[in-house]
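The values are calculated or read from the model by the stated rules, or taken from the named source; none is laboratory data. Please read these numbers as outputs of a predicted model, since none were measured by experiment. No Cβ is skipped: glycine too gets one built from the backbone with ideal geometry, and neighbour counts run over all protein chains shown. Calculation scope for accessible area: heavy atoms of the full protein, side chains included, ligands and nucleic acids excluded. Shrake-Rupley method; radii C 1.70, N 1.55, O 1.52, S 1.80 Å.
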Amino acid sequence: MNDMILKIDGLTKSYKDFTLDGASFEIEPGTVMGLIGQNGAGKTTIIRLIMNMCDRSGGTITVCGLDNIADEIAVKNRIGYVSDESFFFFGTTLARTAKACAAAYDDWDADKFADFLKKWELPEKKKVSALSKGMQTKAMLAVALSHNPELLILDEPTAGLDPVARIEILDLLRDFVSDGKRSVLFSTHITGDLDKIADVITLIIDGRIRESMSIDAVEDRYAVISGVNDKLTDKNRSFCIGLRELNTGFESLILRENLSMFEGVSVKNPNVENLLTFSIWQNRKESSK
């Protein structure tokens, strides 16, 4: 029995100038996964493939044990999706949207949707085109959550929100998975949000998954070191990941198992931004060789 909320295995997609190369990862129930990578790395491609918005070149995707193509209708009833751009018809209203959703989803909860509109002060009779980007994002979240999904997929959902709204939505996501039965896939460039709520981080660089591990495992595996430049030697330099050298000193991500190679340096636990940026710099260095 497959008890994973989401399981991706060997997923590939080829474009003229980009290839998603055999992506594999899975999300357990009760988990918030942060999907990180620079622009063009493949994050949105993965999400679009999960939603069956484009054809894959290879691999499989299952949601709650169901194939996302063969069982597409059942899968989309189990997914709440918030894209990086509004999916509403700008000429419609949220009241009309609610009627459409009631017909589209098996488990649409009109009362829950109305509660979200009231909580976030979203006008149900005003045209979507008159709503701010932040209000549209909240409205998309209200739609996504009001048909009781088991997997919530968010593509840059907090980018247009003020700090208070972002905190409220992060609290909502943590509450969403608190029953241990539902999960979130959260793609964002605001890595500080992931530091607050993510249980697992999946890092993608140039179409390839480089890491998929718990936040605790990231801290156990890696460290960020810094020090004056004379602490770098020909012997230990090769252990640096994404080394940054400045006139005032250096900073690098390293494997904790290699800490003994460095003397007289400061050591701290990495955050999500450290994992992302140092990994990107290391990839650029390797690609330039």
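The sole residue among Asp195, Asp175, Asp199, Asp179 that is under 15 Å from the mean Cα position of the chain (by Cα), modelled with pLDDT of 90 or more and under 22 Å from Cys64 (Cα atoms) is Asp199.
Against the definition (in contact with a strand residue (DSSP E or B) (Cβ under 7 Å, 6 or more places away or on another chain), of a type outside the set (D, E, K, R) and outside any helix (DSSP H, G or I)), how does Pro123 come out, yes or no? In short, no. Scan region 206-219 and tell me whether some residue there is over 20 Å from the mean Cα position of the chain (by Cα), touching a residue at least 12 places away in the same chain (Cβ under 8 Å) and open to solvent by less than 80 Å² (accessible area, probe 1.4 Å). No: region 206-219 contains no residue that is over 20 Å from the mean Cα position of the chain (by Cα), touching a residue at least 12 places away in the same chain (Cβ under 8 Å) and open to solvent by less than 80 Å² (accessible area, probe 1.4 Å). Any residue that is open to solvent by 20 Å² or more (accessible area, probe 1.4 Å), assigned to a strand (DSSP E or B) and not small (Gly, Ala, Ser) - is there at least one of those in region 159-177? No, the conditions are met nowhere in region 159-177.
From the list Ala130, Ala102, the lone residue that is surrounded by 13 or more Cβ atoms within 10 Å (Cβ to Cβ), among the small types (Gly, Ala, Ser) and farther than 22 Å from Thr191 by Cα is Ala102.
Looking across region 245-270, the residues that are of a type in the set (D, E, K, R) and at pLDDT below 95 come down to Glu245, Glu263. The number of residues in region 198-249 that are within 28 Å of Asp175 (Cβ to Cβ) and not β-branched (Val, Ile, Thr) comes to 11. The conditions of being in contact with a strand residue (DSSP E or B) (Cβ under 8 Å, 6 or more places away or on another chain) and either surrounded by 15 or more Cβ atoms within 10 Å (Cβ to Cβ) or farther than 23 Å from Gly37 by Cβ (or both) are met by Leu253. With respect to being among the hydroxyl-bearing types (Ser, Thr, Tyr) and open to solvent by less than 50 Å² (accessible area, probe 1.4 Å), Thr19 falls outside the description.
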